[in-house]
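Colleague: I'd like to ask some things about the structure below.
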Amino acid sequence: MNAARELLTRIYADKEFANAIAPDLFPVSINATQGAFLVHIIEQYKPKVIVELGFRYGISSLWIQSAAHLPHRHIIIDPYHHIPNPPKRYTIDTFIKKQKGVIQEEGMTSQEYLAGLLSKKIQVDMVFIDASQWFDSVMTDMYFVSRILRVRGIVVIRNIWSKPVRRAVMYYLKNLPFRVVGIAPWQGWIIAHVPVFGELLLRAVIRPLDLCVMQLTRNDNREWNSYIPF
């Protein structure tokens, strides 16, 4: 068990310790089931470069650092992670900032930083999105993500229960070469081709875990006026 997993184990097992970090650590942060699933995705796809949008108290960052396969670079972007309720102690912040390969950006928004990665032609293997739930914010994040993600790269999006997030996901599943990983082929066809039933299926299949995992299957080669209702 590495140090990140040891800290997670204490946080989930010791309510007094967790409350000493932040009284609303849960349910703001991902739960143990979601964290274990995130680690499973990392172990399955073995990304070398992971970008994390949204830090807040850092629980998801701990889960990423707890994986047996550690990324070479773990870029965390969140200029608002201590607003409005800063943690009472900086246990997680201090730990994360000491980890090898971690870059924590607190001065730029996700869109500003991602635009910089795009301009530098930097490609990434996996993106975890747990940031603003505004529709336009998710769409803008995904705009840049889809352009810096390697083909067969993975996007994990939290808060699929939120309609703005879900609708943004539907746009990318229908209009860009993304597919939901791990569902039956006929379900994937419905998501890709049937607007209303696609969203209902996405909500029914993904919502219990509240994480949607999408894979970029190829480069974007749409016609200039391509648009599929979502």
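Colleague: Do you know which residues across the range 15-24 are outside any loop (DSSP other than H, G, I, E, B) and surrounded by fewer than 13 Cβ atoms within 10 Å (Cβ to Cβ)?
Modeller: Start the filter on the range 15-24 by keeping residues that are outside any loop (DSSP other than H, G, I, E, B), which leaves 15-21.
Matches in the range 15-24: LYS15, GLU16.
Colleague: Further question: Going through the range 25-60 one residue at a time, which ones are surrounded by 15 or more Cβ atoms within 10 Å (Cβ to Cβ), without any contact (Cβ under 8 Å) to a residue 40 or more places away in the chain and of a type in the set (S, T, N, Q)?
Modeller: Across the range 25-60, the qualifying residue is only SER29.
Colleague: Filter the range 71-90 down to residues that are surrounded by fewer than 20 Cβ atoms within 10 Å (Cβ to Cβ) and either modelled with pLDDT under 95 or of a type in the set (Val, Ile, Thr) (or both), then give me how many there are.
Modeller: The total comes to 12.
Colleague: Within the set of pairs 6+ apart or on separate chains, which have a first residue in the range 1-17 that is in contact (Cβ under 8 Å) with a residue 12 or more places away in the chain, a second that is among the charged types (D, E, K, R), and C-beta atoms under 8 Å apart?
Modeller: Once the first residue is in contact (Cβ under 8 Å) with a residue 12 or more places away in the chain and sits in the range 1-17, no partner that is among the charged types (D, E, K, R) comes close enough.
Colleague: Among the residues of the range 49-60, is any within 21 Å of LEU8 (Cα to Cα), hydroxyl-bearing (Ser, Thr, Tyr) and in a helix (DSSP H, G or I)? Give the derivation first.
Modeller: Within the range 49-60, the first condition is being within 21 Å of LEU8 (Cα to Cα), and the residues that meet it are 50-60.
From what's left, hydroxyl-bearing (Ser, Thr, Tyr): 57, 60.
Next, from what is left, pick out any that are in a helix (DSSP H, G or I): 60.
Within the range 49-60 (the criterion being within 21 Å of LEU8 (Cα to Cα), hydroxyl-bearing (Ser, Thr, Tyr) and in a helix (DSSP H, G or I)), the answer is yes, since at least one residue qualifies.
Colleague: Also, I was wondering about something else. Going by the conditions given, is ALA168 outside any strand (DSSP E or B) and either on the phi > 0 side of the Ramachandran plot or touching a Leu at 6+ places or on another chain (Cβ under 7 Å) (or both)?
Modeller: The answer is no for ALA168.
The values are calculated or read from the model by the stated rules, or taken from the named source; none is laboratory data. All values derive from a computational prediction rather than experimental measurement. When we count neighbours, we look across all protein chains shown, and the Cβ atoms used for this are built from the backbone with ideal geometry, even at glycine.
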